[in-house]
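The values are calculated or read from the model by the stated rules, or taken from the named source; none is laboratory data. From a predicted model like this one, the values you see are computed outputs, not experimental measurements. All Cβ positions, glycine included, derive from the backbone under ideal geometry; neighbour counts span all protein chains shown. Keep in mind that these areas ignore ligands, DNA and RNA; they rest on the heavy atoms of the full protein, side chains included. Shrake-Rupley method; radii C 1.70, N 1.55, O 1.52, S 1.80 Å.
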Amino acid sequence: MLKLAVGLLAAAAVALLLDWYAPSGAPPPASQHRRRRAPQPAPGAEAANLLWVVQVSDIHISRFRDPKRAPDFEKFCSETIDIIQPALVLATGDLTDAKTRDKLGSEQVEVEWKTYQSILKRSRVMEKTKWIDIKGNHDSFNIPHLDSVQNYYRKYSAWRKDGSFHYIHTTSFGNYSFICVDATLSPGPKRPYNFFGILNTNQMKELSLMATEGLHSNHTIWFGHFPTSTIISPTPGIRTLMSSATAYLCGHLHTMGGLMPALHSQHRGGTLELELGDWMDNRRYRILAFDHDLLSFADLNFEEWPVVLITNPKSFLYSSSTHEPLVKILYSTHIRILAFSPSVIISVKVYIDGVDLGNAHQVSGPLYVLKWSPQNYSEGFHHIDVTVQDASGRISTRGHIFAMEENLSLRFGFWPSVILLTDHYVLARVVFGLIVLIQIALLIIFRYLQKPALKEKPGLLTLTLYSLHVFSKTNTFYYSVLVLNLYTILGPWFVGELIDGQVGACFSFGVFVGGSFLQGSLTFVVGILQMLFFNLPLMAYLCWCLLLRCQGHSFRSHICHVRHLMAVLVHLAMALLLAWQVYSCYFLLRTYGTLAFFLSPMRTWLVALTSALIYKTWTLKSSELRTYIVEMKNCQSS
């Protein structure tokens, strides 16, 4: 019965996780922001009611790495943009790399900004389209305040204005709002403690006013550098604030090192969150189109032609009846495709459910259309594929699932949704607190719990519990590790130049620098790593060493009498963890300077404490362990 109950609870938990983290493309609940649903004008054969923009993110112009990055970006600005001819380009942060040659330090490098600006000028891209570039966390490294001369964004970018803003793009068929979320830190500490963005109450009020203004537009697109999962914001939260938006465009996560080539999901209110892979290593960019107010997009690789984007019928997964007039698909008369290539497009073949519907013909510019009868596909899911070939022989195929019925459901991937929809700073705070409390609880419980008598031939679990008793009841180790864990939560980890010329202090719960307090976020992640890969293993290692002492071994003798391979592996594991801690000290030195190296209880001082505790386990007087040694000998002799 108990097994059945546990099984049912586990199944319910999994179902809840899937429901929360794998949102569907089905219509969300009714909203006060629901857009007009008039079926006309519907997508037809005319080149009307069509707008497309381009997004590029995480460019990372660098003085020290990847010499092809800047020339490729210049080619993108001069050639790719010429071919696509977007109405607007959004460059969503990390315009420059701002890292030192050894990749450990961070600073604003003026030559990188000059390179970025010269690319914009030489390509004349700002004369061809509206270019809006915003800051990322790299563009805010090591900047004491927004008026600092180190804030090169104000001098060399195209937009040059700090803070969030609302840009309205006006067309003959309506207005389109683009709202920028600037969550970069000010002051901006050196890496890595500005990985998360922060919005304060005043910034949230400004964004709320912009959201209200955007209700008068055909569509509102929010864009920023940070995914919402890496933005710290006060109540009601950034996702609630942007609930009237059709989509939120962002970057920052760089395809998670190639593990997540497509990070897309949907908020519970229907707003799409579309993270774009980086230009830095992957040369990614995005085309996003509004066709009769139906949103479509394609994430693309630089210099892969032809580029294909199906705008009608649009993908069902990325649909939202809250924000889009999806009924227009059923009333449309033509399939509509945007196709771009440096060479002439010679064929655009359309297939639905594997059936060849024929060749679409060019209407104007990149728009190709093919007459169809949407009523033939009014039930269930269907799959459309479009194959485009250009005069150079290059072929590209793009397809997706579409449907006319709004009550159907498709789900976004579980892991992309977890990455984009979890408030990671909250999760990290909870996990960090639990890990520290568990270790402290273990110490205190075993300190005051009566030690049971050892029985004949104790097993691994019994010996483990016995070693915890010995450890917790030996004052030197108990108080040392107890204070270490309390200090991990409460004390400053280090004091140093978090910004050049400004001394600050880093705690688990945040960073004090330049007269400002930056709420904890990545600090909790670092704290979790510190607990899991050093504090807890150190305690386990000391318990193991003390158990060997209780069995009558010295440092020399245990190598011979204990299983040799196991002893070597345990010592090697601890040596590697200690080496990681030593490297952390070096990282601190290179990142935050000499002061941080010497005033670092959680790094430099902890290396010294660890060495002293390990030395103490093997040199502790046998008289202090006499009771345990006698009990262990009696157990072994019996």
Study note, to complete from the structure: Selection from region 238-257 of residues hydroxyl-bearing (Ser, Thr, Tyr) and outside any helix (DSSP H, G or I) yields Ser243, Ser244, Thr246, Tyr248
Point to revise | Selected residue (only one of Ser229, Ser233 is over 24 Å from Asp281 (Cβ atoms) and either aromatic (Phe, Trp, Tyr) or at pLDDT 95 or above (or both)) | key: Ser233
Revision key, fill the gap. Being open to solvent by less than 10 Å² (accessible area, probe 1.4 Å), modelled with pLDDT of 95 or more, closer than 25 Å to Leu367 by Cα and within 18 Å of the chain's Cα centre (by Cα) narrows Ala247, Ala298 down to just Ala247
Study note, to complete from the structure: Residues of region 518-533 being in a helix (DSSP H, G or I) and under 30 Å from Asn200 (Cβ atoms), in sequence order, are Leu522, Thr523, Phe524, Val525, Val526, Gly527, Ile528, Leu529, Gln530, Met531
Check your understanding: Has region 544-558 got any residue that is farther than 20 Å from Phe477 by Cβ, open to solvent by 70 Å² or more (accessible area, probe 1.4 Å) and assigned to a helix (DSSP H, G or I)?
Key -> yes
**Study point:** Tally, over region 301-328, of residues that are open to solvent by 10 Å² or more (accessible area, probe 1.4 Å) and either under 17 Å from Tyr176 (Cα atoms) or part of a strand (DSSP E or B) (or both)
**Key:** 1
Check your understanding: Looking at region 491-506, is at least one residue in contact (Cβ under 8 Å) with a residue 40 or more places away in the chain, touching a Phe, Trp or Tyr at 6+ places or on another chain (Cβ under 6 Å) and of a type in the set (Asp, Glu)?
Key -> yes
Check your understanding: For the subset of region 595-621 comprising residues that are out of contact with any Cys (no Cβ under 9 Å at 6 or more places or on another chain), free of Cβ contacts under 8 Å to residues at least 60 places away in the same chain and under 25 Å from Phe555 (Cα atoms), which member is most open to solvent (accessible area, probe 1.4 Å)?
Key -> Tyr615
Review point. If you go through region 473-482 one residue at a time, do you hit one that is open to solvent by 30 Å² or more (accessible area, probe 1.4 Å), in a loop (DSSP other than H, G, I, E, B) and free of Cβ contacts under 8 Å to residues at least 60 places away in the same chain?
Key: yes
**Study point:** Residues of region 141-153 that turn out to be under 26 Å from Gly214 (Cβ atoms) and either out of contact with any helix residue (DSSP H, G or I) (no Cβ under 9 Å at 6 or more places or on another chain) or buried (at least 22 other Cβ atoms within 10 Å of the Cβ) (or both), as a count
**Key:** 1
Study note, to complete from the structure: Of the listed residues (Thr212, Thr235, Thr240, Thr201), the one being touching a Pro at 6+ places or on another chain (Cβ under 6 Å) and open to solvent by 10 Å² or more (accessible area, probe 1.4 Å) is Thr201
Exercise for review: Inspect region 560-582 for any residue being assigned to a loop (DSSP other than H, G, I, E, B) and surrounded by 13 or more Cβ atoms within 10 Å (Cβ to Cβ) and give the result as yes or no.
Suggested key: yes
Review point. Going through region 446-470 one residue at a time, which ones are of a type in the set (S, T, N, Q) and assigned to a helix (DSSP H, G or I)?
Key: Thr462, Thr464, Ser467
Review point. Which of the residues that make up region 156-184 are touching a Ser or Thr at 6+ places or on another chain (Cβ under 6 Å), within 28 Å of Glu112 (Cα to Cα) and open to solvent by 10 Å² or more (accessible area, probe 1.4 Å)?
Key: Asp182, Thr184
Check your understanding: Can you tell me how many residues in region 331-361 are of a type outside the set (Val, Ile, Thr), open to solvent by 10 Å² or more (accessible area, probe 1.4 Å) and in a strand (DSSP E or B)?
Key -> 9
Check your understanding: Being free of Cβ contacts under 8 Å to residues at least 60 places away in the same chain and either small (Gly, Ala, Ser) or open to solvent by 20 Å² or more (accessible area, probe 1.4 Å) (or both), is that true of even one residue in region 215-227?
Key -> yes
Check your understanding: Is there a residue being of a type in the set (D, E, K, R), closer than 21 Å to Ala289 by Cα, in a strand (DSSP E or B) and open to solvent by 10 Å² or more (accessible area, probe 1.4 Å) anywhere in region 37-44?
Key -> no
Point to revise | Search result, residues across region 420-434 that are part of a helix (DSSP H, G or I), under 30 Å from His225 (Cβ atoms) and either open to solvent by 30 Å² or more (accessible area, probe 1.4 Å) or not aromatic (Phe, Trp, Tyr) (or both) | key: Leu420, Leu421, His424, Val426, Leu427, Ala428, Arg429, Val430, Val431, Gly433
Point to revise | Within region 54-89, considering residues that are touching a Phe, Trp or Tyr at 6+ places or on another chain (Cβ under 9 Å) and among the polar types (S, T, N, Q), the one surrounded by the most Cβ atoms within 10 Å (Cβ to Cβ) | key: Ser57
Revision key, fill the gap. Of those in region 436-468 that are β-branched (Val, Ile, Thr) and at pLDDT 90 or above, the residue least open to solvent (accessible area, probe 1.4 Å) is Val436
Practice item. Mind telling me which of the residues Thr115, Thr96, Thr100, Thr92 ends up being modelled with pLDDT under 95 and open to solvent by less than 50 Å² (accessible area, probe 1.4 Å)? Key: Thr100
**Study point:** Breaking point among (1) under 25 Å from the mean Cα position of the chain (by Cα); (2) assigned to a helix (DSSP H, G or I), for Leu536
**Key:** (1)
Review point. Taking region 413-469, which residues are in contact (Cβ under 8 Å) with a residue 24 or more places away in the chain and hydroxyl-bearing (Ser, Thr, Tyr)?
Key: Ser417, Thr422, Tyr425, Thr464, Tyr466, Ser467
